[in-house]
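Q: Below you'll find the structure I mean.
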Amino acid sequence: MRIRGILSVLLAFISFSAVAQQDALLWKVSKEGFQDSYLFGTYHLLPGSFAREIKGVKQAFAGADAVVTELDAGAESAAGLMQYMLLEEGTLDSLLGPERFDTLSSAIQERLGMSAMMFNKMKPMGVYIMLASAGEIKEMRKSIESKDQPMDQWFQTEASEKKKSTLALETAEKQADLLFNSSDAQTQADMLMQYLRLNKDEAQEENDKILTCYKKQDLDCLLDYLNNADMSAIEKDLMLKDRNVLWIPMLKQFMGSQACFVAVGALHLAGPDGLIALLRAEGYRVTPVKSRKDI
């Protein structure tokens, strides 16, 4: 898996079959005899204020009895995720060797302003995420300082404040296992070094393209990015299709008893194996929300 493939994997987690030429992040899910629910595609490094400005989101959220996310974004889940990011044995400098570790040290100092030794027990995939998301993390810190929480966390916090039920589709352990254990440490190390060989401007350009697609609410654009990624069919199935299939019975159960607002990574919505297509195959009517009138 090369860099474009890794970015696509991260996009699926960070917290996208949309119908061709349907530009929407918010979708209404209806079925006779049940209350309407809503499906929203997130990009978790963006602040909650971005989601709130999308037409229909506040109304759909307000009308929901329960809020469904990929996992609990609380501190306990974050702690559970961290243990999966650590090497079972050895250290990063011994895995990479002196020359490659020096290259990594320079990149970490330049982009994060930190010593590489702080990451010496971390798996290469964890370090890659920190470096690839450096710009977004800075923006996220600004959001936190301005009390505007990252998108996924905002949905959960708001649900708690509004006394809504909060439900999760996966445990932190399941997500972490997929992200950090799908390839061995040496393979991850090779991918990390390949990323470091990219020009910094080129790497930022890739991130900017993804963000532009998302802000335009263009699921087809995001899906094209995934389809052009250097990922095997097995990797794509593991990160997206297989998880979507596992989520459908849970979503049917959740939506069968209450009105739900479902917020998951936007890549999970798109494609013939996306949640939109899979819900339609189960007899649900799934339609894009373009304005408040669609609520």
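Q: Given the conditions (1) in a helix (DSSP H, G or I); (2) within 30 Å of residue 249 (Cβ to Cβ); (3) at pLDDT 85 or above; (4) of a type outside the set (Ser, Thr, Tyr), which single one is not true for residue 174?
A: Of the numbered conditions (1) in a helix (DSSP H, G or I); (2) within 30 Å of residue 249 (Cβ to Cβ); (3) at pLDDT 85 or above; (4) of a type outside the set (Ser, Thr, Tyr), the odd one out for residue 174 is (3).
Q: Continuing with the same structure: Just to be sure I understand the filter: pairs with C-beta atoms under 7 Å, separated by 6 or more residues or on different chains, first member in the range 149-174 and more than 19 Å from residue 257 (Cα to Cα), second member assigned to a strand (DSSP E or B) and of a type outside the set (Val, Ile, Thr). Which pairs pass?
A: Pairs that qualify, where the first residue is more than 19 Å from residue 257 (Cα to Cα) and the partner is assigned to a strand (DSSP E or B) and of a type outside the set (Val, Ile, Thr), are 149/47; 150/47; 151/47; 152/263; 155/263.
Q: If you check residue 81 against the conditions, is it at pLDDT below 95 and hydrophobic (A, V, I, L, M, F, W, C)?
A: Details: at pLDDT below 95: yes; hydrophobic (A, V, I, L, M, F, W, C): yes.
Here the answer is yes, as residue 81 does meet what is asked.
Q: Let me ask you something else. Taking helices (runs of 4 or more DSSP H) that do not extend beyond the range 199-295, which have at least 1 residues that are modelled with pLDDT of 95 or more?
A: 242-257, 275-281
Q: Something else: Go through the range 127-171 and report how many residues are hydrophobic (A, V, I, L, M, F, W, C) and at pLDDT 90 or above. Outline the logic, then answer.
A: Of all residues in the range 127-171, those hydrophobic (A, V, I, L, M, F, W, C) come to 127, 129-132, 134, 137, 140, 144, 151, 154-155, 159, 167-169.
Filter once more, keeping what is at pLDDT 90 or above: 127, 155, 159, 167-169.
Counting residues in the range 127-171 that are hydrophobic (A, V, I, L, M, F, W, C) and at pLDDT 90 or above gives 6.
The values are calculated or read from the model by the stated rules, or taken from the named source; none is laboratory data. Computed from a predicted structure; not experimentally measured. Using ideal geometry, Cβ is built from the backbone for each residue, glycine included, and neighbour counts are taken over all protein chains shown.
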